1. What are the residues in segment 1-25 that are in a strand (DSSP E or B) and within 15 Å of Gly91 (Cβ to Cβ), if any?
2. So if I check each of Ile134, Ile120, which one is touching a residue at least 12 places away in the same chain (Cβ under 8 Å) and surrounded by fewer than 13 Cβ atoms within 10 Å (Cβ to Cβ)?
3. Can you tell me which of Arg171, Arg187 is of a type outside the set (A, V, I, L, M) and closer than 23 Å to Ala129 by Cα?
4. Can you go through Gln35, Gln41 and tell me which one is within 28 Å of Ser128 (Cα to Cα) and part of a loop (DSSP other than H, G, I, E, B)?
5. Need pairs with beta-carbon distance below 8 Å; first residue assigned by TED's automatic domain parsing to the domain that holds Trp175 and crowded, with 19+ Cβ neighbours inside 10 Å and within segment 143-159, second hydroxyl-bearing (Ser, Thr, Tyr) and part of a loop (DSSP other than H, G, I, E, B); sequence gap 6+ or separate chains.
6. Looking at Ile120, is it under 22 Å from Cys90 (Cα atoms) and in contact with a Leu (Cβ under 7 Å, 6 or more places away or on another chain)?
7. Could you grab me the full set of residues in segment 160-182 that are in contact (Cβ under 8 Å) with a residue 40 or more places away in the chain and of a type in the set (S, T, N, Q)?
Amino acid sequence: MIITKQKTIDKILKDASTFRKIFVIGCGTCATACQTGGQEQVKAVSAALSDRLAGSTVVEACCDVRVAKRDLSKHKIELEGADAVLALSCGAGAQALGETTGKPVIAGLDTLFVGKIERIGRYYERCSACADCIISETGGICPVVRCAKGLLNGPCGGQVKGKCEASGYTRDCAWVLAYNSLKAQGRLEQFKKYRAPRDRSPKSQPQEIEAR
């Protein structure tokens, strides 16, 4: 799940101030789940734009160009009359909407992280999209994100009774969690495995993948 938060209405209106007519687009997947870009949020932002609103909708998945084209085809006339689109979606979705509509894009949300949902409003960062996943070796715990120091071998000397020093001993040490998980699975041999430092050399961006 891509976790987002909505920019303040004042910030959105400021970024939209140079456009006469604006079409508001929400996202039916991640942003709807986060309550940052669903029907209610689209309605609220649309109301704030008042007479500058060209139209609004919620696309099933903004980041999927095929889906975006399909859903937006129903609003062709309104989009033609818009000077810009206001995207209540993650950054990837917002950019896809810009490519799909050919219109300037106003970002209505800030993209925070890839996370898990405990309940609405309670989210936890669990993945940094590092492209080298090792959780099969760490009991399903990602040390890149969940260890404050991003250690690939641990725990460090700072943990006390399973709590991390970097958090003031309020958060669980990722490596203690990994140890306990592997122990419960009967796979402690994985804990002893040494993981070499990551290759920090510059990588080509943006990344593209073509399935074959």
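The values are calculated or read from the model by the stated rules, or taken from the named source; none is laboratory data. Note that this is a predicted model, so its numbers are computed, not measured. Don't worry about glycine lacking a Cβ; one is built from the backbone with ideal geometry, like all the others, and counts go over all protein chains shown.
1. Ile2, Ile3, Thr4, Lys5, Gln6, Ile25
2. Working: Ile134 fails: surrounded by fewer than 13 Cβ atoms within 10 Å (Cβ to Cβ).
Ile120 is the lone residue from the list that is touching a residue at least 12 places away in the same chain (Cβ under 8 Å) and surrounded by fewer than 13 Cβ atoms within 10 Å (Cβ to Cβ).
3. Arg171
4. That would be Gln35, the only listed residue that is within 28 Å of Ser128 (Cα to Cα) and part of a loop (DSSP other than H, G, I, E, B).
5. From residues that are assigned by TED's automatic domain parsing to the domain that holds Trp175 and crowded, with 19+ Cβ neighbours inside 10 Å, the pairs are Val144/Ser128; Val145/Ser128.
6. Numbers: under 22 Å from Cys90 (Cα atoms): yes; in contact with a Leu (Cβ under 7 Å, 6 or more places away or on another chain): no.
No: the conditions fail for Ile120.
7. Within segment 160-182, the first condition is being in contact (Cβ under 8 Å) with a residue 40 or more places away in the chain, and the residues that meet it are 178-182.
Residues satisfying the conditions are Asn180, Ser181.
For every residue, the table says whether it meets (1) of a type in the set (Lys, Arg); (2) within 10 Å of Gly139 (Cβ to Cβ); (3) surrounded by 10 or more Cβ atoms within 10 Å (Cβ to Cβ); (4) in contact with a Lys or Arg (Cβ under 6 Å, 6 or more places away or on another chain).
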| site | (1), (2), (3), (4) |
| --- | --- |
| Ser167 | no, no, yes, no |
| Asp172 | no, no, yes, no |
| Leu177 | no, yes, yes, no |
| Ser181 | no, yes, yes, no |
| Gln185 | no, yes, yes, no |
| Leu188 | no, yes, yes, no |
| Phe191 | no, yes, yes, no |
| Pro197 | no, no, no, no |
| Glu208 | no, no, no, no |
